[in-house]
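Since the structure comes first, as structure tokens, the remarks are kept for the end.
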Amino acid sequence: MQRFIELALSNITSVEAGLGDWMTLEPSAVQLTGLGMLHADLVSLADIAHILEKDDASRYRDLAAQLAVQINSDFLDVDTGVYAAQDGSWSGTQCSQSMPLFMGLAPNSTVPAIYDTLLGNVKDAEHIECGMFGIKWLLMTLANMGDNSIAYSLATQDSYPSYGYMLKEGASTIWESWFYSDNTYSHNHPMFGSVAQWMIQALAGIQLHTEAVGFDQVIVAPLPVPDLTYVKGTHNGIACSWTLDGKSLAFVMNVTLPVTVKAHIRVPTDFHAGYVEHVVDHAAGTYHFESVLLPA
């Protein structure tokens, strides 16, 4: 991984090229996604080096910080909150607005404007229009910003382009493209499958804690939406299920944990990521929680 990073840093023009957010229906922010992926690699390598107590952890973290500054300098209009190509080939797309928010690249002072631009795009499109990488960034950003109901609406559309459209057209597996292809693109392809990450991490709420090593520390923080009354999800021995009464807004949640994890369980109090936290420290069992959500 170190050799790959050094190669990428020494050949940055290649990082800014390629397919970008493949199979997007919006202009592809190729340069931004390439550099954003390199930033994510640097952050991961810094974390790995820290865990392994290697001396170069700080170097990789500094390189990531420098790259973030470069990305924002090259693409972000700090006054409008719009990420755009200098040549005008793409501007304010679902991918380009959500990726910096999801990855933590955006300066804190610009986050509201960047997110407002993203919301405007989504409300106009009413569909997912990004490609294989952008799907995760878009849905998880909406969820993380307290708008999981919008993410749910996008994920459950059944008109073109959507997963529901594929089902209506007879698909039993996810296609490689949003549109039907009878001679070029696969009809059984995992590339749009990152919607499953949103299902596990946002709907069921099972995700790694930022201080986790392996899977020894987790957050269980489901984000309910008004139109959904039941969710059950499992991941790596951890299970979360919940029900929502659509009239009374009574929320009932059960979490099952193995003995190997410390869990930060966040019981929702509303539809916008409010919660009350309970910590279970390496005590196996099933834990029951109830709350009444504030109206949306």
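Things worth noting here:
- Coil-residue trypsin sites (Lys or Arg not before Pro) of region 46-87, DSSP, other Cβ within 10 Å capped at 15: 54
- Student exercise, region 40-90 dipole from Lys, Arg, Asp, Glu Cβ charges, in Debye to nearest 20: 100
- Remark: the chain carries a charge dipole of roughly 660 debye about the Cα centre, counting +1 on each Lys and Arg Cβ and -1 on each Asp and Glu Cβ.
- With every protein chain in place, region 1-116: carbon and sulfur % of accessible area (1.4 Å): 54
- Length gained when the stretch residue 124-residue 80 is fully extended (0.36 nm per residue, less Cα-Cα span): 14.0 nm
- Estimated from the Cβ-Cβ distance and a Förster radius of 41 angstrom, the FRET efficiency linking residue 109 and residue 17 is about 0.85.
- Reciprocal mean inverse distance between Cα atoms of region 77-163 - Kirkwood radius, Å: 13.0
- Taken over the C-alpha atoms, region 228-286 has Rg and Dmax values of 12.3, 38 angstrom.
- Accessible area (Å², 1.4 Å probe, nearest 10) - residue 124: 130
- Compactness check for region 97-237: Cα Rg over 2.2 N^0.38 Å is 1.11.
- Options 82, 36, 13, ranked by Cα towards positive dipole end of region 12-148, top entry (Cβ charges): 36
- Relative contact order (percent, whole number), region 152-296, Cα cutoff 8 Å, 6+ residue spacing: 15
- Cα pair distances in region 164-296, grouped into 5 Å bins until the bin that holds the longest one, percent each: 2, 10, 18, 18, 14, 12, 10, 9, 5, 2, 0
- A probe of 1.4 angstrom, applied to the heavy atoms of all protein chains, finds residue 235 with accessible area near 80 square angstrom.
- Model label sites at residue 2 and residue 65, defined 7 Å from Cα along the beta-carbon direction, differ in position by 2.2 nm.
- Across the chain, the mean sequence separation of Cα contacts (distance under 8 Å, 6 or more residues apart), normalised by length, yields a relative contact order of 11 percent.
- Extension reserve of the residue 229-residue 212 stretch, reckoned as 0.36 nm per residue once the Cα distance is removed: 3.1 nm
- Extension gain, residue 252 to residue 182: 0.36 nm times the residue separation minus the Cα-Cα distance gives 20.6 nm.
- Of the accessible area of region 142-265, computed with a 1.4 Å probe over protein heavy atoms only, carbon and sulfur atoms account for 52 percent.
- Divide the volume of the convex hull around the Cα atoms of the chain by the residue count and you get 152 Å³ per residue.
- Ellipsoid semi-axes for region 1-78, based on the Cα gyration tensor and the rule √(5λ), read 25, 14, 11 Å when sorted largest first.
- Each Lys and Arg contributes +1 and each Asp and Glu -1, all at the Cβ; summed about the Cα centre of region 199-296, the dipole is approximately 160 debye.
- Taking every protein chain into account, the accessible area of region 1-146 amounts to 47 square angstrom per residue (probe 1.4 Å).
- Pairs of alpha carbons in region 22-150 whose separation is greater than 19 Å (percent): 48
The values are calculated or read from the model by the stated rules, or taken from the named source; none is laboratory data. Please read all numbers here as calculations on a predicted model, not as lab measurements. Glycine also receives a Cβ, built like all others from the backbone with ideal geometry; neighbour counts cover every protein chain displayed. What goes into the accessible areas is simple: the full protein's heavy atoms, side chains included, and nothing from ligands, DNA or RNA. Shrake-Rupley method; radii C 1.70, N 1.55, O 1.52, S 1.80 Å.
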